[in-house]
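Take a look at the structure set out below.
Throughout, read-outs are computed from the coordinates displayed, never taken from laboratory work. All values reported here derive from a predicted model rather than from experimental measurement. Cβ atoms come from the backbone with ideal geometry, glycine included; neighbour counts cover every protein chain shown.
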Amino acid sequence: MNDVVKRKTAALNLKNAAVNLQGLPGLLGFDGFVDYIIRMVDKKRNKDNVTFIPTITALAERLNRAAGKSSNIELRIQQVKLGGNGPIMANAMSRLGLPIVYFGPLGSPDIHPAFKKFAETAHVYSLGEPAVTDALEFEDGKILMGKHEALHGINYENIIKCSGKDNFAKLWQQSKFVGMVNWTMLDTMTDIWRKLLQNNCPALLKDRSRVIFFDLADPEKRSKDDILEALRTLAQFAEFYTVILGVNEKESDQVAAVLNIETSENSPVNLQKRAAAICEKLAIQTTVIHPVKYAVAASARGTAYVDGPFVARPLISTGAGDHFNAGFSFATLLGLDLTDALFTGVSTSGFYVRTAQSPTVDELVVFLHDWQ
């Protein structure tokens with residue numbers, strides 16, 4: 001079966017499975033950012049006639065020329081939008097049709113305008129004022145400059161207080177999908193996981209149709225011991241859920257190093273082996289790795305690999321990985337196999353970077369048929 005046939009099969013399977021979505025409630029958290037999507041001016045004739053610094057390499061060269069001197073770079077805000085791994089992923093899953101509950105710093109006392117539309121489709125509990133990201137966009141990637149002070153007060157006790165203990169317990173037990181992301185920026189996340197395991201998970205029925213997703217979110221700045229402790233803690237959820245650990249290519253290098261997994265040149269074949277090794281080391285059900293141009297995954301059923309709808313000049317790249325995670329998790333929750341879930345993930349991301357919009361299921365099915 002060639003890739004086009006596989007992709008169209010995935011589209012059909014997705015369409016047939018995406019029914020009764022109201023019976024698949026999700027709960028996600030716990031970060032929240034306002035993203036300022038920014039391009040950096042290279043040359044300007046007038047306010048409407050500008051070119052932008054095209055690549056991160058070009059920016060580095062410009063900064064290098066300024067060393068020991070000075071430089072002035074004009075920033076053009078292209079868009080102000082909801083941000084953070086959690087809100088972007090939750091918003092994408094809500095757009096796909098799942099009933100979503102979200103906990104995160106989305107504004108206080110009122111919801112910040114960047115989250116107003118999201119709050120109309122999802123049930124949100126705000127934990128305070130949002131953090132801020134200046135997302136510098138380039139043709140070959142992005143640089144995220146974050147102001148994280150708003151995340152420092154987020155902990156298990158405040159989450160419970162925000163919704164009420166009994167209400168949170170009910171929401172947790174009802175949720176067929178749970179997503180907890182951005183571990184790196186939330187210093188208390190490992191402790192939150194421990195308390196959820198202690199206080200909320202024991203009441204769950206053993207049900208493998210429940211799916212829980214984790215994303216460490218670029219843990220380079222965290223210590224090896226902290227990363228290892230987080231991995232061992234999230235692995236404990238495998239007693240109650242089908243666990244998905246999602247990482248990009250760089251993060252997979254970091255996780256492999258912490259787990260003492262032997263690595264070689266990153267390729268589709270080698271990354272499939274790495275994903276399988278991570279599953280084995282942690283005793284979790286699924287690991288998915290998504291480089292820019294393709295994605296791989298491993299589970300007890302084996303491994304899979306698909307190419308993605310790569311585009312050289314995306315309209316937006318900030319949030320692309322979160323959209324992949326949303327699509328892959330959505331398909332896994334629907335019971336689709338690894339290949340179909342990977343196609344759903346890369347297509348959700350591909351649609352988003354081309355349009356700067358999260359797709360509906362119908363739009364995703366069309367995109368799966370048509371992308372080149």
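Here are the numbers:
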| item | result |
| --- | --- |
| Residue tally, condition in contact with a helix residue (DSSP H, G or I) (Cβ under 7 Å, 6 or more places away or on another chain) and within 26 Å of residue 191 (Cα to Cα), over region 138-153 | 0 |
| Residue check for residue 157: acidic (Asp, Glu), in contact with a helix residue (DSSP H, G or I) (Cβ under 9 Å, 6 or more places away or on another chain), closer than 18 Å to residue 27 by Cα and without any contact (Cβ under 8 Å) to a residue 40 or more places away in the chain | yes |
| Flag for residue 51 being under 18 Å from residue 144 (Cβ atoms), in contact with a strand residue (DSSP E or B) (Cβ under 8 Å, 6 or more places away or on another chain), loosely packed, with under 15 Cβ neighbours inside 10 Å and among the β-branched types (Val, Ile, Thr) | no |
| Qualifying residue in region 247-265 (condition: in contact (Cβ under 8 Å) with a residue 24 or more places away in the chain, hydroxyl-bearing (Ser, Thr, Tyr), farther than 30 Å from residue 147 by Cβ and outside any loop (DSSP other than H, G, I, E, B)) | no |
| Region 214-248, subset surrounded by fewer than 17 Cβ atoms within 10 Å (Cβ to Cβ) and of a type in the set (Asp, Glu), residue nearest to residue 297 (Cα to Cα) | 239 |
| Region 284-334: number of residues that are part of a loop (DSSP other than H, G, I, E, B), under 22 Å from residue 2 (Cα atoms) and in contact with a Leu (Cβ under 7 Å, 6 or more places away or on another chain) | 1 |
| Residue list for region 169-210, restricted to those being under 19 Å from residue 122 (Cα atoms) and of a type outside the set (Ser, Thr, Tyr) | 169, 170, 171, 172, 173, 174, 176, 177, 178, 179, 180, 181 |
| Residue 281 being closer than 30 Å to residue 364 by Cα and assigned to a helix (DSSP H, G or I) | no |
| Within region 106-124, tally of residues that are in a helix (DSSP H, G or I), more than 25 Å from residue 22 (Cα to Cα) and without any contact (Cβ under 8 Å) to a residue 12 or more places away in the chain | 1 |
| Matching entry among 147, 142 (being in contact (Cβ under 8 Å) with a residue 24 or more places away in the chain and either over 25 Å from residue 362 (Cβ atoms) or of a type in the set (Asp, Glu) (or both)) | 142 |
| Top-ranked residue in region 339-371 [being crowded, with 23+ Cβ neighbours inside 10 Å and among the aliphatic types (A, V, I, L, M); ranked as nearest to residue 291 (Cα to Cα)] | 346 |
| Residue check for residue 227: farther than 26 Å from residue 105 by Cα, without any contact (Cβ under 8 Å) to a residue 40 or more places away in the chain and β-branched (Val, Ile, Thr) | no |
| Close pairs from region 184-198: first without any contact (Cβ under 8 Å) to a residue 60 or more places away in the chain and closer than 19 Å to residue 85 by Cα, partner among the basic types (Lys, Arg) and assigned to a helix (DSSP H, G or I), Cβ under 9 Å, at least 6 apart | 184/221 |
| Criterion: among the small types (Gly, Ala, Ser) and in contact with a His (Cβ under 9 Å, 6 or more places away or on another chain) - qualifying residue of 302, 335, 308 | 308 |
